[in-house]
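Following: one structure in structure tokens, then a few remarks.
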Amino acid sequence: MIRTPVVFFMCAAFACAQSPEWFLQGSAPDPGGRLIVGPGGKVAQGSAGGAIATPPAVPGCSRAPVCGNRSDGPRSGLQRVEWKQTMGYVPIYPVDLPAGGGGVSAVKIDSKGNLWAFQRNAVGNPQVFEFGPDRKLIRTIGDDVIGHQEKAHGMTIDAEDNVWICDANGSTIMKLSPEGKLLMTIGVKGRRGDWSEAKQQRLLWQPLDLAFAANGDIYIGEGHSNESPNDAGSDDPANNIGAARVIRLDKNGKFIQQWYGNSIGQGKFSMVHGIAIDPRDGNVWIGDREEYRLVVYTADGKFVKTVQMRNLMCAIDFDPQGNLWVATGQDGQLLKIDRNGTVLGAMGNGSGTGDGQYIESNYLTWDRQGNIYTGDTSVGRLTQWSAPKK
């Protein structure tokens, strides 16, 4: 581990906030969700074998710059920026998911304090779990309700406690009632493509995450950059844009607009891995993971600014007080930042499978006590960061 004691300062008219020190730390190999996780989130030796293996639903990325330069070597060889932890949060593992399951792609807490988890599991096994405020299991939702989710990804909960889940490779977003009943499906399962109102064609292309505006408008983030198929200019007239995009619908699912990111210049993006709506002004924040940046638009899709970061921008969210947080994916931390990208605090022990570590930290949520929860897309466990006592 190489420590680089660099300190940043953020100054306003009457105050100056100091960022924690950052340093470089190595990467852990990605087990691909096959590790055995025991009680209390402890990762056991060995693996779950092929229990969660599913054939890829889309071709892998190739022949495009966003696919990565193979001469750079594997990701496990990367040195990652880590920030010194100064906020006093402590990691615990409050629930035990089924042994042998895959990574936890997303977590959310509803208005009753129930904790929902979206897990990548094998065909026939539940993929959505609801735990009560005491973190005891209330219900599971399986293939009989939602079909098999080919690549469980983002999840969010609306103002009526409906649960929305994104299947990146299955090309759908599903709306579930608080009781776990399927209410609506956006997109066509197994048919990725372009949304065209002129053709009455309502297809999704790798839906990764979604967010709700205060008026109920739905913002869908699509496109996985280095993991996306090469559909640009394909012979399929229903699927040839092949670019990351944001689709905006009203609360009833009626199309309003969309905008695209794969191009040069300010305001562009190669993926929408995370998306969140700023409660202060309604701006749309995009996590462009592989480009290490956040891109900000108005509610109507007008470019505001790009915020360049030192870390992967895997997930974005605003806490109940309106503070901005990001998850740094394979860098293995959660960061509290200001709206200019200055890091104000950090939690997480970096890349790995030990306590407080992640192979890929992802979508996050808060409970009423200020504790923070997040999943790991490559390890079948869910981490609670317990807030320091006041």
- [ ] Read through the list (1) closer than 26 Å to Gly60 by Cβ; (2) assigned to a loop (DSSP other than H, G, I, E, B); (3) in contact (Cβ under 8 Å) with a residue 24 or more places away in the chain; (4) out of contact with any Asp or Glu (no Cβ under 9 Å at 6 or more places or on another chain), then give the number of the only condition that Ala214 fails.
- [x] (1)
Open item on the list: When the residues of the range 217-233 are narrowed to those that are among the small types (Gly, Ala, Ser) and modelled with pLDDT of 95 or more, which ends up farthest from the chain's Cα centre (by Cα)?
Closed with: Gly223
Task: Complete set of residues in the range 302-320 that are under 19 Å from Arg280 (Cβ atoms), under 19 Å from the mean Cα position of the chain (by Cα) and part of a loop (DSSP other than H, G, I, E, B) - done: Asp319, Pro320
Open item on the list: Let me spell it out: the conditions are (1) assigned to a strand (DSSP E or B); (2) under 24 Å from Leu208 (Cβ atoms), and Leu344 meets all of them except one. Which number is the exception?
Closed with: (2)
- [ ] Residue by residue through the range 321-341, note down the ones that are farther than 25 Å from Cys67 by Cα and either of a type in the set (Ser, Thr, Tyr) or in a loop (DSSP other than H, G, I, E, B) (or both).
- [x] Gln321, Gly322, Asn323, Asp338, Arg339, Asn340, Gly341
Open item on the list: Give me the residue from the range 116-157 that is assigned to a helix (DSSP H, G or I) and of a type in the set (Val, Ile, Thr) and, out of that set, nearest to Val379 (Cα to Cα).
Closed with: Ile146
- [ ] Among what's in the range 192-211 and is assigned to a strand (DSSP E or B) and hydrophobic (A, V, I, L, M, F, W, C), pick the residue that is farthest from Ile157 (Cα to Cα).
- [x] Trp195
Task: Selected residue (criterion: surrounded by the most Cβ atoms within 10 Å (Cβ to Cβ)) from residues of the range 95-115 that are of a type in the set (Val, Ile, Thr) and in a strand (DSSP E or B) - done: Val104
- [ ] Output the number of residues of the range 322-358 satisfying the condition of being farther than 19 Å from Glu21 by Cα, buried (at least 24 other Cβ atoms within 10 Å of the Cβ) and in contact (Cβ under 8 Å) with a residue 40 or more places away in the chain.
- [x] 1
- [ ] Answer yes if at least one residue in the range 178-185 is at positive phi and in a loop (DSSP other than H, G, I, E, B), and no otherwise.
- [x] yes
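From the list Asp281, Asp319, pick out the single residue that is free of Cβ contacts under 8 Å to residues at least 24 places away in the same chain and farther than 29 Å from Gly38 by Cβ.
Answer to the check: Asp281.
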Task: Pairs where the first residue, in the range 137-149, is in contact (Cβ under 8 Å) with a residue 24 or more places away in the chain and the second is surrounded by fewer than 16 Cβ atoms within 10 Å (Cβ to Cβ) and β-branched (Val, Ile, Thr), C-beta under 8 Å, 6+ apart - done: His148/Val123
Task: Selection count, the range 350-390, where residues are in a loop (DSSP other than H, G, I, E, B) and either of a type in the set (Asp, Glu) or in contact with a Leu (Cβ under 7 Å, 6 or more places away or on another chain) (or both) - done: 4
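A quick yes/no check of all residues on (1) among the polar types (S, T, N, Q); (2) out of contact with any Lys or Arg (no Cβ under 7 Å at 6 or more places or on another chain):
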| site | (1), (2) |
| --- | --- |
| Met184 | no, no |
| Glu197 | no, yes |
| Gln200 | yes, yes |
| Leu203 | no, no |
- [ ] Could you please find all residues in the range 142-165 being closer than 15 Å to Trp116 by Cβ and either of a type outside the set (A, V, I, L, M, F, W, C) or at pLDDT below 95 (or both)?
- [x] Gly142, Gln149, His153, Gly154, Thr156, Asp158, Glu160, Asp161, Asn162
Task: Selection from the range 116-144 of residues that are surrounded by fewer than 20 Cβ atoms within 10 Å (Cβ to Cβ), β-branched (Val, Ile, Thr) and either within 26 Å of Gly223 (Cα to Cα) or within 22 Å of the chain's Cα centre (by Cα) (or both) - done: Val123, Thr140
Open item on the list: Against the definition (without any contact (Cβ under 8 Å) to a residue 60 or more places away in the chain, buried (at least 22 other Cβ atoms within 10 Å of the Cβ), of a type in the set (A, V, I, L, M, F, W, C) and in contact with a strand residue (DSSP E or B) (Cβ under 9 Å, 6 or more places away or on another chain)), how does Ala244 come out, yes or no?
Closed with: yes
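The values are calculated or read from the model by the stated rules, or taken from the named source; none is laboratory data. As the structure is a prediction and not an experimental result, all values here were calculated from the model. Heads up, the Cβs are rebuilt from the backbone with ideal geometry, glycines too, and the neighbour counts pull from every protein chain shown.
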